[in-house]
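Report on one structure; see the data block that follows.
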Amino acid sequence: MTRGEWEAKLKTEGFAQVYARMDPPEMSYPPHAHSGPVARVILEGDMVLTVGGDSVTLSPGDRMDIPASVTHAARIGPYGCTYLIGE
């Protein structure tokens, strides 16, 4: 899917805010949680998401949804990462 198609899909699924984020190489996010569900769709680069002790590498075209209040952490790959977020 294209970026526009992903944005439209996330909005039709009920995500009120859909926006793109560009993180630099090797950036990391410590364990945290959100008050509502969050979807991530990778557009460029890669990201390792850790949820409940399990880590998964997301690459372009991959999507991961994290339910509300679930603690997770992220590490951006060596080339940075551009991704959509639905909240």
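Summarising the amide proton neighbourhood of Gly36: residues at separation of 5 or more, or on other chains, whose placed amide H is nearer than 5 Å comprise Ser69.
The share of accessible area on the chain that comes from carbon and sulfur is 54 percent, using a 1.4 angstrom probe. Computed 3J(HN,Hα) for segment 74-87, one whole-Hz value per residue from the Karplus formula 6.51 cos²θ - 1.76 cosθ + 1.60 where θ = phi - 60°, is 9, 9, 7, x, x, 10, x, 7, 10, 8, 8, 10, x, 10, glycine and proline marked x. Here the Karplus curve 6.51 cos²θ - 1.76 cosθ + 1.60, taken at θ = phi - 60°, turns the phi angles of segment 50-57 into couplings of 10, 10, x, x, 9, 10, 9, 8 Hz, with x standing for Gly and Pro. Backbone geometry of segment 7-24 corresponds, through the Karplus equation with coefficients 6.51, -1.76 and 1.60 at θ = phi - 60°, to 3J(HN,Hα) couplings of 4, 4, 4, 4, 5, 5, 7, x, 6, 6, 10, 10, 8, 9, 9, 10, 9, x Hz, x marking Gly and Pro.
The values are calculated or read from the model by the stated rules, or taken from the named source; none is laboratory data. None of these values were measured; they are calculated from a predicted model. Remember, those area values only see protein heavy atoms, side chains included, never the ligands or the DNA or RNA. Shrake-Rupley method; radii C 1.70, N 1.55, O 1.52, S 1.80 Å.
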